[in-house]
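Trainee: One structure, as structure tokens, below. Some questions next.
The numbers here are math on the coordinates, done by the rules we state, and not lab data. It should be emphasised that the depicted structure is a prediction, and the values quoted were computed from it without experimental measurement. FYI the Cβ positions are ideal-geometry reconstructions off the backbone, even for glycines, and counts take in every protein chain you see.
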Amino acid sequence: MTNMPPADPRIEAVAARLKEAAQKRAEAYAPAPPTDWLPIWKRPRKPKSIKAKKEELAKQRKRLKAAGVRRFYGAQARRPRPRQNRIGSAAARRDARALSRMRHSNAWLW
């Protein structure tokens, strides 16, 4: 038979309070019962009316057409253009060519 110390009412009261606090914490952290709210990706889909569908498709067509136009004119801007006045810019081209050669060479400008 083990030797049990006499029950101390103060220790028993503290133990009871600790158990009660632990129970309250466990209830607070327990998962809440499911509500009727659902995230948007889990909600059942509402069928769209034909009019709403057509409006959405018209918006999409307009958006895609505008993107195509932007892409076309963006490519046009990057396309190299023929030199219109070749005679007037010959000296400038010569200078540019010389500078480019200097830039791409390993010569040091003193």
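Trainee: Are there chymotrypsin sites (Phe, Trp or Tyr not before Pro) in the stretch 13-58 that DSSP marks as loop and that have at most 11 other Cβ atoms within 10 Å, and which are they?
Mentor: Details: sites: TYR29, TRP37, TRP41; in loops: TRP37.
Loop-located and lightly packed - TRP37.
Trainee: Using the Kirkwood formula over every pair of different C-alpha atoms, what hydrodynamic radius in Å results for the stretch 5-66?
Mentor: Details: mean 1/r = 0.0553 Å⁻¹.
Hydrodynamic radius (Kirkwood, Cα pairs) of the stretch 5-66 is 18.1 Å.
Trainee: Taking the stretch 27-67, which trypsin sites (Lys or Arg not before Pro) meet the DSSP loop condition and have no more than 12 other C-beta atoms within 10 Å?
Mentor: Values: sites: LYS42, ARG45, LYS48, LYS51, LYS53, LYS54, LYS59, ARG61, LYS62, ARG63, LYS65; in loops: ARG45, LYS48.
Sites meeting the loop and neighbour criteria: ARG45, LYS48.
Trainee: Along the Cα→Cβ direction, 7 angstrom out, place labels at SER105 and LEU57. What is the inter-label distance in nm?
Mentor: 6.6
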